[in-house]
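Undergrad: Just passing along the structure, written as structure tokens.
The values are calculated or read from the model by the stated rules, or taken from the named source; none is laboratory data. What you see is a predicted model; the values in this text were computed from it and never measured. Cβ atoms come from the backbone with ideal geometry, glycine included; neighbour counts cover every protein chain shown. To get the accessible areas, we keep the full protein, side chains included, count just its heavy atoms, and leave off ligands, DNA and RNA. Shrake-Rupley method; radii C 1.70, N 1.55, O 1.52, S 1.80 Å.
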Amino acid sequence: MGDTRRRLLDGAIETVRSQGISAVSARTIAATAGVNQALVFYHFDSVDNLLAQACLVSTEERVERFRERFAEVDSFSGLLALGARLHEEESEAGNVTVLAQMLAGAQRDPKVAEATAAAVGLWVSEIEHVLRRLLAGSPLDGLLDPAALARTVAATFVGLELFEPVAPTGSTLAELAKLVEVVDELGPLARRVVRAKLRNTVKKERA
């Protein structure tokens, strides 16, 4: 990636982080990046295109930094602990603020909305891979939808502050971790009984 394009991508994210989505313009991004504002349009055609690409590129890089740690998770409690660390690191880096601002911008701009959804989807995909691995062979295997569960717990991991006051999702995974760990400690017969009961409950709710 060329140095100027990289500086513009980084400048776009830093502008959103420090000044908010409402202050974003070719001029403010260029000033942050230390380049001529005409280069915004030369490289990206529009400010919205630059914002969209900056959101995706920065998220891809952050997800990649966590990928090895996701791969090492071997329990639901471990996933919860990693989520807490991820949230802390993303908050300290100002990325929670960036995401909240991008969500605000998504309300008025379809291109920003599409890019923000894709960026969140990168986190959801990583979490879903872990959940599928943890659920495989567990008493809850086949009873929970990993994709739906991943979308639910991703709010805590990525740090969607807008969710936390009204729907704190950290407790969702915490309670699930407790349930799985308790059931795993039961004997084979007891596990089969619990699994059968859970399956019947799920069938009734879906009917």
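Undergrad: Just give me the residues in the stretch 115-139 being open to solvent by 10 Å² or more (accessible area, probe 1.4 Å), of a type outside the set (Ser, Thr, Tyr) and either in a helix (DSSP H, G or I) or under 24 Å from Asp48 (Cβ atoms) (or both), in sequence order.
TA: Ala117, Ala118, Val120, Gly121, Leu122, Val124, Glu126, Glu128, His129, Arg132, Arg133, Leu134
Residue-wise test of (1) among the acidic types (Asp, Glu); (2) free of Cβ contacts under 8 Å to residues at least 12 places away in the same chain; (3) farther than 17 Å from Ile13 by Cβ.
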residue	(1), (2), (3)
Ala54	no, no, no
Glu61	yes, yes, no
Arg65	no, yes, no
Asn95	no, no, no
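Undergrad: From the list Phe44, Phe70, pick out the single residue that is closer than 20 Å to Ala119 by Cβ and without any contact (Cβ under 8 Å) to a residue 40 or more places away in the chain.
TA: Answer to the check: Phe44.
Undergrad: Does Ala106 satisfy the condition of being at pLDDT below 90, of a type in the set (Gly, Ala, Ser) and touching a Leu at 6+ places or on another chain (Cβ under 8 Å)?
TA: no
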